[in-house]
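Right, one structure below, let's go through it.
The values are calculated or read from the model by the stated rules, or taken from the named source; none is laboratory data. What you see is a predicted model; the values in this text were computed from it and never measured. Glycine also receives a Cβ, built like all others from the backbone with ideal geometry; neighbour counts cover every protein chain displayed.
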Amino acid sequence: GWVWYVGTTFLGLASTTALIMGLAFIGPSASIDMSLLAQLRVTNKTRFTIVVEGVLGNVVAAVLVLLLIPFALNPGATTDTSLWTPYLIQVGGAVLVAYLAGRAWVLLVSGDRPRRFVFMSSVALAVVLYAVGEGFFGGNGGIAAFVFGLVLGHHHALSSQKSVPEGASSSRGLQEFHTELVFLLRTFFFLYLGLRVQLDGITFAAICGALAFTAVFYGSRWPSSAVLSRAWTLPARDRRILRGTVARGMTDTVL
């Protein structure tokens, strides 16, 4: 709410644009928080709070921003209720198809016998569902991929409790693959971002807006941090860490 207020009042942004920006910045970066938590001595309650906040914040931000973008492109859609129904039907269709595909994939890959290349096959199927959502359901590919991943995560389709035989893809190999893939994506993303940003476009108003948003991020954490600190009797270090967890990462920039 404060991001919307600062954007509309001080930066002159449109109401819908400021609302999307506020939703994109709804939570701190999960990847940054979890990498820092590994080096900090905090209580389990503080660690749990920061991790859950980062993960759920990114998920909620992605879903809400994807839902609002069509209405930002067509401002009249926010007041014309007749335009909401077709869009909600398209969203529901994308969710239903992704859910059914996820359940079918869980039944196919589940079982005691370990299967090789399940992770990469799941990624390929997610790309197909993204294309279906974009092409047949009004550009809702992101929501379709998200629902598919949600179903797989809920049923632990990509994890195995049994030992993996030699030669099969193991969890360690999956982690290494994930690390390399994230490094590749981050490298090219920030390269692209650097090519897009022009120094002459960095105005004094933009710098003031960035500082104002940073102040909003920091100030908005004080009430919730105070409530958690009092309820859980957290030490002073944990209180400072909760208040200072305002890092925004690549997810916010993409949104």
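Taking every residue in segment 132-161 that is surrounded by 15 or more Cβ atoms within 10 Å (Cβ to Cβ) and pairing it with any residue that is of a type in the set (D, E, K, R) and not in a loop (DSSP other than H, G, I, E, B), at least 6 positions away or on another chain, the pairs with Cβ-Cβ distances below 8 Å are N140/E134; G141/E134; V151/R103. Exactly one residue out of L228, L211, L174 is modelled with pLDDT under 80 and either within 22 Å of the chain's Cα centre (by Cα) or of a type in the set (A, V, I, L, M) (or both), and it is L174.
Does F183 satisfy the criteria of being out of contact with any helix residue (DSSP H, G or I) (no Cβ under 7 Å at 6 or more places or on another chain) and at pLDDT below 85? Considered against the rule, which asks whether it is out of contact with any helix residue (DSSP H, G or I) (no Cβ under 7 Å at 6 or more places or on another chain) and at pLDDT below 85, F183 comes out as yes.
For segment 229-255, a residue qualifies if it is in contact (Cβ under 8 Å) with a residue 60 or more places away in the chain, in a helix (DSSP H, G or I) and buried (at least 16 other Cβ atoms within 10 Å of the Cβ), and the qualifying residues are D238, I241, L242, M250, T251, D252.
Yes/no matrix, rows are residues, columns are (1) more than 29 Å from T203 (Cβ to Cβ); (2) without any contact (Cβ under 8 Å) to a residue 12 or more places away in the chain; (3) assigned to a helix (DSSP H, G or I):
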site: W4; (1), (2), (3): no, no, yes
site: L11; (1), (2), (3): no, no, no
site: A18; (1), (2), (3): no, no, yes
site: M21; (1), (2), (3): no, no, yes
site: D33; (1), (2), (3): yes, no, yes
site: I50; (1), (2), (3): yes, no, yes
site: V60; (1), (2), (3): yes, no, yes
site: L68; (1), (2), (3): no, no, yes
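Out of curiosity, is V106 modelled with pLDDT of 85 or more and either in contact with a Cys (Cβ under 6 Å, 6 or more places away or on another chain) or not small (G, A, S) (or both)? So V106 fits the description; yes.
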